[in-house]
Amino acid sequence: MNLFKDFQQLVLAELQKLTAEGQLPEGLDLGRVTVEPPRDPTHGDMATNAAMVLAKPAGRKPRDLAALLAERLEKAEGVSAIEIAGPGFINLRLNSSIWYDQLRGILREGERFGDSDMGQNQKANVEYVSANPTGPLTVGHARGAVVGDALASLLEKAGYDVLREYYVNDAGGQVDVLARSAYLRYREALGEMIEEIPAGLYPGDYLKDVGAALAERDGARWLDAAEEEWLPEVRAFAIDAMMALIRDDLEAVGIRHDLFVSERALVEAGAVDAVIETLAARDLIYTGVLEPPKGKTPDDWEPRPQTLFRSTGFGDDVDRPIRKSDGSWTYFANDMANHLDKFRRGYPLMLQVWGADHGGYVRRMKAAVAALTEGQGSLHVLLCQLVRLMRGGVEVRMSKRSGNFVTLREVVDEVGKDVLRFMMLTRKPDAPLDFDLEKVLEQSKDNPVFYVQYAHARVRSVLRHAAEAFPDIDQSPDALTKAPLHRLTDSDEIGLIKLMASWPRLVESAAEAYEPHRIAFYLNDLAAAFHGLWTRGKEDTTLRFLVTDDSELTAARLAMLTAMANVIASGLRIFGVEPVEEMR
């Protein structure tokens with residue numbers, strides 16, 4: 001149920017009729033024809049750009065084509081007025097009956113309102129978090145975790161078959177550092193005095209538990225062993241312990257992944273060899289020496305012959321090394337293996353959420369996906385800027401448990417998962433975000449999560465009071481669809497219904513752009529429209545939701561409020577936030 005898509009289909013049908021009648025040439029590309037709300041609501045309810053985008057290929061003047069199409073559209077059911085604006089936009093105004101029908105549809109569909117088949121069940125792999133398994137998640141990881149999870153839910157609502165994936169970076173040097181750090185805590189657990197943590201090791205107290213657990217399992221077995229003996233065992237034990245900690249942290253935020261993929265397991269299974277074979281078969285690798293880059297020299301550059309991938313042939317600015325001169329794989333080679341593995345598992349659409357510091361890595365990874373999949377796969381990366389944690393306007397930097405960073409769990413324990421999740425989605429991911437531990441709990445209109453939740457709670461409160469004051473009004477969705485909705489005549493009431501009716505279009509446009517934060521903006525607008533009506537009702541008794549001597553009007557307004565609560569709940573579910581029944 002998507003009113004804008006329905007009218008787009010109407011416009012396309014009329015264009016096809018004009019073509020069949022010979023008034024438009026065959027072969028016009030109708031893909032750019034849109035029907036959407038006009039920027040200025042006073043211009044109408046909908047606007048189409050059909051005449052603007054088709055005039056030139058049709059060999060007509062935009063306004064002439066607009067006039068031809070408008071003559072057809074003004075006869076459509078539900079259209080009350082039509083006008084041609086500017087160089088050829090067609091603005092449509094709809095009858096009130098259209099909006100009442102939309103309201104009935106929302107009541108029938110409940111929180112399913114806005115579900116779309118746009119994705120056509122296409123498989124989409126959404127990888128997010130993928131933090132190195134070297135410690136608990138930090139507040140910095142929170143943003144990417146929430147953005148990725150909300151994106152996955154948004155795509156599901158838009159009709160995609162989504163797999164939530166976590167890529168475990170357990171093959172790099174950082175996990176050897178983890179093992180040595182855990183081994184130090186293991187020795188400590190066995191009675192050795194550990195004073196200052198040596199430079200280069202992880203100092204966090206969270207590793208004390210890992211060392212103690214290892215000592216309990218293996219006793220003094222590794223105490224006098226050589227490093228080459230204990231390192232693989234301690235590394236595996238520490239990685240498992242850290243991943244258990246990470247899973248627990250994610251669970252506290254309401255995040256569960258469908259699949260955890262080990263980088264080390266991929267490499268050991270020959271996934272990088274598969275990359276080399278694939279690229280070699282297409283003549284996309286060669287041995288060469290890269291020129292030194294300008295500015296800061298990256299870690300993967302060395303002035304010696306290396307195996308290089310011809311990434312410049314796929315939009316990159318320089319060919320990239322995949323094997324070093326010592327024969328070892330680069331990090332890039334392992335990442336290529338990860339993406340080829342995704343594609344071969346049946347996920348041509350790959351979406352990943354990275355920290356903004358990985359921005360320079362996007363182009364080469366897109367080039368790799370294009371080459372490895374022969375253009376059949378696509379990679380889309382959302383970059384998340386840093387989160388600055390504040391308390392009363394003062395930046396918070398230190399953690400009691402980790403020593404040098406604030407953990408995700410500490411923030412969840414203080415403000416709750418719903419507040420954390422909603423606030424992480426109130427800005428575009430690539431914009432910096434200040435998260436003030438005090439302000440996010442304020443009960444004011446300046447706090448977006450409170451403002452939206454308060455709207456839902458207020459509606460539920462009205463419905464509870466209505467059940468007492470109007471026991472004869474059946475509040476079931478089916479009964480409310482039969483309420484006299486034509487009694488809703490105030491411009492703000494109609495405006496609220498129109499805003500609700502735009503929810504399916506918002507879902508599709510946000511999913512198409514991979515921008516879940518648009519939902520936060522929409523929910524804020526919806527809450528503002530509702531709170532505005534509430535305020536007007538305090539000043540004008542005829543606009544109150546419960547009208548003592550008019551049960552019919554009350555029933556119509558209860559239908560409107562129930563529908564609005566459904567839409568808010570639908571949006572909050574995408575965010576992984578529970579709609580509240582009352583505010584405390």
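Phi-derived couplings, Karplus 6.51 cos²θ - 1.76 cosθ + 1.60 at θ = phi - 60°, listed residue by residue for region 222-235: 9, 4, 10, 7, 6, 4, 5, 7, 7, 4, x, 5, 5, 4 Hz, with x used for Gly and Pro.
Here the Kirkwood formula, the inverse mean of 1/r across different C-alpha pairs, assigns region 168-296 a hydrodynamic radius of 17.6 Å.
Highest-first packing order for the peptide set 228-239, 20-31, 410-421 is 410-421, 228-239, 20-31, based on the mean count of other beta carbon atoms within 10 Å. A protection proxy built from the mean count of other Cβ atoms within 10 Å ranks the segments 446-457, 257-268, most packed first, as 446-457, 257-268.
For region 3-94, the convex hull spanned by the alpha carbon atoms encloses 85 Å³ per residue.
Note on the chain: percent of Cα-Cα distances in each 20 Å bin, starting at 0 and stopping at the bin with the largest distance, equals 17, 41, 31, 10, 1. The mean sequence separation of alpha-carbon pairs under 8 Å and at least six residues apart, normalised by the residue count of the chain, gives a relative contact order of 16 percent. For the chain, a crude dipole built from +1 on the beta carbon of Lys and Arg and -1 on the beta carbon of Asp and Glu, taken about the Cα centre, is about 1240 debye to the nearest 20.
Counting every alpha-carbon pair across region 51-104, the share separated by more than 18 Å comes to 40%. Annotation for Asp317 and Asp209: the two label points, set 7 Å from Cα along the Cα-Cβ direction, are 4.4 nm apart. Taking amide H as placed 1.01 Å from N in the peptide plane, the amide H of Val261 sits under 5 Å from that of Tyr166, Tyr167, Val168, each at least 5 places away or on another chain. Between 0 and 90 degrees, the angle of helix 551-575 with respect to the longest Cα principal axis of the chain falls at about 20 degrees. Between 0 and 90 degrees, the angle of helix 206-218 with respect to the longest Cα principal axis of the chain falls at about 60 degrees.
Any of Lys342/Lys366; Lys5/Lys61; Lys342/Lys417 with alpha carbons more than 19 Å apart? Name them for me. Distance filter (> 19 Å) returns Lys5/Lys61; Lys342/Lys417. Based on the Stokes-Einstein relation at 25 °C and a viscosity of 0.890 mPa s, and on the Kirkwood radius from alpha carbon pairs, region 415-549 is assigned a translational diffusion coefficient of 144 µm²/s.
For the pair Arg536 and Glu216, label points projected 7 Å from Cα toward Cβ lie 6.3 nm apart.
For Leu94, nonlocal amide neighbours, meaning residues 5 or more places apart or on other chains whose placed amide H falls under 5 Å from its own, are Asp45, Ser80. Over all other residues within a Cβ to Cβ distance under 14 Å of Ser502, the charged ones net out to 0, with Lys and Arg as +1 and Asp and Glu as -1. Along each principal axis, taking the top coordinate minus the bottom one, the Cα set of region 173-242 gives 26, 25, 21 Å in descending order. Each of Asn95 and Asp472 was given a label point 7 Å from its Cα along the Cα-to-Cβ line. The distance between the two points is 3.1 nm. Label zone of Glu227 (point 7 Å out along Cα→Cβ, amide N under 14 Å): in region 171-204 this covers 173-184, 198-202.
Rounded to the nearest 500, the 222 nm mean residue ellipticity of the chain from helices alone is -15500 deg cm²/dmol, with -39,500 (n - 2.57) taken per DSSP H run of at least 4 residues. Taking the longest Cα principal axis of the chain as reference, the axis of helix 331-344 is set at about 50 degrees.
Coordinate-derived values only; no laboratory data. Please read all numbers here as calculations on a predicted model, not as lab measurements. Every residue, glycine among them, receives a Cβ derived from its backbone with ideal geometry; neighbour counts consider all protein chains shown.
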